[in-house]
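Input: a single structure, listed below in structure tokens.
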Amino acid sequence: MKKIKTATSAIYMAIIFLFLYAPIFVLIVLSFNDSMSRTVWGGFTLQWYANLPFNDTIMDALFTTLRITICSSLLATVLGTSAAVGIHHMKKHHAAIMLGATNIPLLNADIVTGISLMLLFTRFTSLGEFSVVLAHITFSVPYVIFNVLPRLQSMSDSCFEAAMDLGASPAYAFYKVIWPELIPGVLSGFLMAVTMSLDDFTITYFTKGAGVNTLSTMLYTELRKGIQPELYALSTLLFLLAFVMLLIINFKSRNQEVKNEN
Amino acid sequence: MEFIQFDKVSKSYDGQLILDELDLNVKENSFVTLLGPSGCGKTTTLRLLGGFEKPDSGNIYLNGTDITLLPANLRPINTVFQKYALFPHMTIAENIAFGLKIQKKSQDYINDKIKYALKLVNLDGFENRDIDSLSGGQQQRIAIARAIVNEPKVLLLDEPLGALDLKLRQSMQYELMKLKQELGITFIYVTHDQEEALTMSDTIVVMNQGYIQQIGTPEDIYNEPENAFVADFIGESNIIEGIMIKDELVQFLGVQVPCVDKGFGNMKPVDVVIRPEDVELDQPGKGFMDGIITGCIFKGVHYELDVQCGNWEWMVHTTKYFEVGQQVSLNVIPFNIQIMNKPASEDEEVLKEDDK
């Protein structure tokens, strides 16, 4: 009986993993395929990867993406961290309202967020890299808040008071006592913001305007034109990047838990 | 001028009055305990003095200077917090040095102070340990060390022993008293534990619902409680309604008993307090009242007896064993009968009602 149980659960897990990762596996295999066909295996090659740096469209999109991601993640981290500190010190009732408002960008359908931001930006500014950065900040801030807030809540409020009591000014007390405790949360919030910004397509697509392409929007337009194995290679690299970042975030939070338990 | 003076200090949170025109004077170099049930305003009083709260009205003076609006970081006062509030990412030495670094003391001075403070709290050699590696009692001692290296004029302690087990709490009580003598500074201590208050303080301030109920030495508070709340909160007691017939004669439960109190007037309603350990049991007919034992519980040092006399049940502590159902008589020497005025004002009445 027990054997059947373990066997069933193993098979079930295998099927889940198959459904989740088979498509990505196909993509990775095709990125090493020495043939323009999607169905014929023409032997192993690294040619598509080697071609990447010489493809202007791809490199252009890569640098645009990096600029947007770094700018938006850094700004979102600053905004989100300050917001978390503010929310933490609000009265319960007000904090609940703020958290609800923070949840909206997370729950809202991307396409609705994208369209509303586009409408707003076309009214007040032009669409371009700048508007994409603003849009990315909008959806990244909640991730930072939700990473920083638990750190604040797990901390005893009396630490700040103790620092004041020992003669520290409020600013010095924050820098010396609160900030060091927040850093892990701020870092994982930043990494989440980077991940979200890197792989966002919908919102970017609506707010980018003509001529600006990030990796994801570029992939979309290029794939419609026809098969380019370089794009498989690029997609594989993007997947690996997101995968590694996820591992880092998980590993960090696991470490944190172990440390808290001790 | 008093060393610390609260002058008509009021404070409320979210429309709820916590302190109502509190007046309190504290002498320099005394060990004062604010004692009361939770929500009585004792911690608020401490936080006002520490500078973590501002009063709604009234003033607080330290050594004659008005410090009502002075922020916490500029007051020559340090606090030992209830949950220790040690900085988790710093070593013990860094924790203790925190205040001294802000005062820009030299590294040599700081090192000396750390050594001295750790010795004082019996934790020599703990400089580079992590906070997490310490037990609750050790963390508490580090919190004390961190506060006293700054040589405050007043040390505030907010239920610092609350989280410790009984044995550790008792030994820490003696250490705190020793520390107090060595440092020669004013200690203001907040607790809801009456035994702790009786053991350590020179002066106890009993508080309830934002009002001071009684201020006095531990002996005064225990032996001569001024009202039913104090009598009931400090130790256990039999509180009985009675009538003061005349000076040195009180009537309660239908009998007239001589006492030593005077000046209450004739035929005045009063509360009579008799401590359970002051009731003496004897053969039936020998005391002022007969009764029957209805309960007997062994408590270690003594037995706790319930004695039914008519429709009143006495609590009696005795070292002798009595059978349940045994007939006895009760006696109390006049000196051990404490007479208290009935609450006169409406507020006092409220306090008494709540307590029941």
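Structural remarks
- A:G167 falls short on exactly one of the conditions (1) assigned to a helix (DSSP H, G or I); (2) touching a helix residue (DSSP H, G or I) at 6+ places or on another chain (Cβ under 7 Å); (3) within 14 Å of another protein chain (Cβ to nearest Cβ); (4) open to solvent by less than 70 Å² (accessible area, probe 1.4 Å), and that condition is (1).
- Listed by position, the helices (runs of 4 or more DSSP H) enclosed by segment A:199-262 that each have at least 3 residues that are farther than 19 Å from A:T65 by Cβ and at pLDDT 80 or above are A:229-261.
- When B:K167, B:K113 are checked against the criterion of being under 24 Å from the mean Cα position of the chain (by Cα), assigned to a helix (DSSP H, G or I) and not polar (S, T, N, Q), B:K167 stands alone in meeting it.
- Scanning segment B:78-136 for residues that are of a type in the set (F, W, Y), under 23 Å from B:M177 (Cα atoms) and within 11 Å of chain A (Cβ to nearest Cβ) yields B:F81, B:Y84.
- Test set (1) exposed (fewer than 15 other Cβ atoms within 10 Å of the Cβ); (2) within 14 Å of another protein chain (Cβ to nearest Cβ) - A:K225 fails condition number: (2)
- Considering the conditions (1) surrounded by 19 or more Cβ atoms within 10 Å (Cβ to Cβ); (2) out of contact with any helix residue (DSSP H, G or I) (no Cβ under 6 Å at 6 or more places or on another chain); (3) of a type in the set (F, W, Y), B:F126 is excluded by exactly one of them, (2).
Per-residue answers, yes or no, for (1) surrounded by 14 or more Cβ atoms within 10 Å (Cβ to Cβ); (2) within 14 Å of B:V205 (Cβ to Cβ); (3) among the acidic types (D, E):
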site	(1), (2), (3)
B:K8	no, no, no
B:D23	no, yes, yes
B:V26	yes, yes, no
B:L34	yes, yes, no
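- Among the residues of segment B:251-278, those that are in contact with a strand residue (DSSP E or B) (Cβ under 7 Å, 6 or more places away or on another chain), open to solvent by less than 70 Å² (accessible area, probe 1.4 Å) and charged (D, E, K, R) comprise B:D261, B:D271.
Yes/no per residue for (1) open to solvent by less than 10 Å² (accessible area, probe 1.4 Å); (2) polar (S, T, N, Q); (3) under 25 Å from B:N78 (Cβ atoms):
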position: B:Q181; (1), (2), (3): no, yes, yes
position: B:E219; (1), (2), (3): no, no, no
position: B:N223; (1), (2), (3): no, yes, no
position: B:L249; (1), (2), (3): no, no, no
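- Members of segment B:225-241 found to be assigned to a strand (DSSP E or B) and open to solvent by less than 10 Å² (accessible area, probe 1.4 Å), listed by number: B:N238, B:I240
- Test: B:V250 is over 29 Å from B:I92 (Cα atoms), in the same structural domain as B:L123 (by TED's automatic domain parsing), modelled with pLDDT of 90 or more and part of a strand (DSSP E or B): no
- Flag if A:A162 is in contact with a strand residue (DSSP E or B) (Cβ under 8 Å, 6 or more places away or on another chain), within 14 Å of chain B (Cβ to nearest Cβ) and in a helix (DSSP H, G or I): yes
- Qualifying residue in segment B:60-81 (condition: open to solvent by 10 Å² or more (accessible area, probe 1.4 Å), free of Cβ contacts under 8 Å to residues at least 24 places away in the same chain and under 22 Å from the mean Cα position of the chain (by Cα)): no
- Applying the set (1) within 30 Å of B:L49 (Cβ to Cβ); (2) among the aliphatic types (A, V, I, L, M); (3) at pLDDT 90 or above to A:L120 leaves exactly one unmet item: (1).
- The residue that is least open to solvent (accessible area, probe 1.4 Å), counting only those in segment A:174-210 that are facing chain B (nearest Cβ under 8 Å) and closer than 22 Å to B:N150 by Cα, is A:V177.
The values are calculated or read from the model by the stated rules, or taken from the named source; none is laboratory data. Bear in mind that the values here come from a model prediction, so they are computed numbers and not experimental data. Please note: Cβ atoms are built from the backbone with ideal geometry, for glycine as well, and neighbour counts cover all protein chains shown. Just the protein is used for accessible areas: all its heavy atoms, side chains included, with ligands, DNA and RNA removed. Shrake-Rupley method; radii C 1.70, N 1.55, O 1.52, S 1.80 Å.
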